[in-house]
Structures are given as C-alpha cells and as structure tokens.
Amino acid sequence: MEHPKCTYETHKTKPGKLWHFLAHEDSWASFVVDAILVVLIGKFLFLPGLGLVFGTDYPLVAVVSSSMDHQGKNFEQWWFENGKWYEERGITRIQFETFYKPNGFLKGDVFVVLGLDGAKAKVGDILIYNVEGRADPIIHRVIAINPDGTIQTKGDANYAQIPFESAVRKEQIAGKAAAWAPKIGWVKVVFTELMGAVLAK
C-alpha cells in the first residue's frame with residue numbers, strides 16, 4: 001500500500017510544518033531561510049564549539065590577501081628573488097625549506113588554527129593575530145623573536161615588514177596555523193570584497 005505524498009498540508013503540527021518547509025520544500029523562500037540558518041549555526045554554534053576545542057577565537061580563518069602568495073614560482077626561483085632579505089636576518093634557505101608551507105599559500109585558502117601561547121611561538125610558524133584597526137586577522141610567518149618576547153612577522157610575498165609586524169605582543173596572537181585547505185575561503189573573500197565596495201561608495 002502506497003503512503004500518501006507528504007506535503008506541507010499533511011503535517012498536523014507547527015513543528016512538522018516547519019520541518020517540511022526547511023527540509024523538503026523546493027522554493028526560494030525555503031532556500032533563503034536554510035542559507036541563513038546555516039550561517040547562523042556556523043557562526044554561533046559550530047565555530048564557537050571548535051574554538052573551545054582548539055583553544056582560540058579563530059578556529060578557522062580564510063586568507064583574504066595575497067601577502068603569502070609565491071605567485072606560482074617554485075621554491076628555488078622564489079628564494080633567488082627573496083632569499084637575501086631572510087639571509088640578512090639569519091634565516092638560511094635550508095632552514096626556510098623546513099618551515100610550515102615554505103611555498104606560501106593563496107588568497108581564498110583556509111587554515112585550521114590551534115591556540116598558542118605567544119611564548120611558545122618559533123621562527124617559521126604561521127601565526128594568526130589581531131591588529132588594532134584591521135577587521136581581519138593577519139596570517140603571516142614568524143621571522144624573529146625579540147629579546148622582550150614580542151614577535152616579528154612578515155608576509156612571504158611582501159618586500160619588507162609592515163610597521164606593526166616588528167613587535168607583535170602575545171595578547172594579539174589568536175593561534176598558529178595547523179592544517180590547510182585550498183580555495184574554500186573564497187566565499188568569505190567575495191563577500192568581504194563586495195561589502196567593502198558597497199561601503200566605499
């Protein structure tokens with residue numbers, strides 16, 4: 001015996017009707033509400049839950065700039081063009097090749113972040129940290145530890161350090177990049193750039 005097709009009207013309770021609307025109804029209204037729910041659940045439940053597990057306010061971060069992009073160059077070519085800057089600061093090619101992501105990474109990539117005591121950061125780590133006046137955290141490589149315990153960073157693709165990178169305090173540090181996934185952060189990048197364009201008008 002065939003069961004009658006389940007429709008919005010066949011549900012007798014409000015929760016049943018709501019579930020049908022969210023899970024089964026094929027309409028733009030249902031799609032929009034589902035999308036909003038996914039964003040809200042991700043922002044207010046999933047990410048905070050991950051943050052508790054990983055010990056950071058930023059358990060997942062999307063790369064929103066090209067400051068770590070090696071422009072498709074192999075390591076030998078990139079080091080030929082950039083290595084002198086690092087060698088002058090005591091970082092050798094052999095050492096750099098042992099660093100996490102020695103070939104850099106791209107705008108739109110995403111990192112899983114683990115909480116990190118600033119005192120445990122080491123040269124070569126990729127840190128995620130906050131800078132006053134910037135909406136998105138910085139994702140750059142540690143290139144030196146200062147005598148006072150503050151940290152110096154630099155984007156691989158930048159010719160030099162940005163002034164705020166010369167003394168990053170441990171209170172600014174959200175964590176250390178621990179795992180990487182390519183391109184899935186482009187949703188945030190596109191949204192951020194569109195919002196920036198709208199606000200700039």
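Throughout, read-outs are computed from the coordinates displayed, never taken from laboratory work. Bear in mind the structure is a predicted one, so any value in this text is a computation, not a measurement. Here the Cβ positions follow ideal geometry from the backbone for every residue, glycine too, while neighbour counts run over all protein chains shown.
Mind giving me the nanometre distance, one decimal, between the label points for residue 183 and residue 120, set 7 Å out from Cα along Cα→Cβ?
In this crude spin-label approximation the distance works out to 3.4 nm.
Determine the principal axes of the Cα atoms in segment 56-200, then give the extent along each, sorted from largest to smallest and rounded to whole angstroms.
43, 35, 28
In whole Hz, what ³J(HN,Hα) sequence does segment 86-102 give by Karplus (6.51, -1.76, 1.60; θ = phi - 60°), x for Gly and Pro?
Each residue's phi maps through the Karplus curve to give 6, 4, 5, 10, x, 9, 8, 4, 4, 5, 4, 5, 8, 5, 5, 6, x Hz.
Please give the Cα centre distance for segment 59-75 versus segment 127-189, rounded to the nearest Å.
Cα centroid of segment 59-75 versus Cα centroid of segment 127-189: 12 Å apart.
Check which residues have an amide H placed less than 5 Å from residue 175's amide H, if you skip close sequence neighbours.
116, 128
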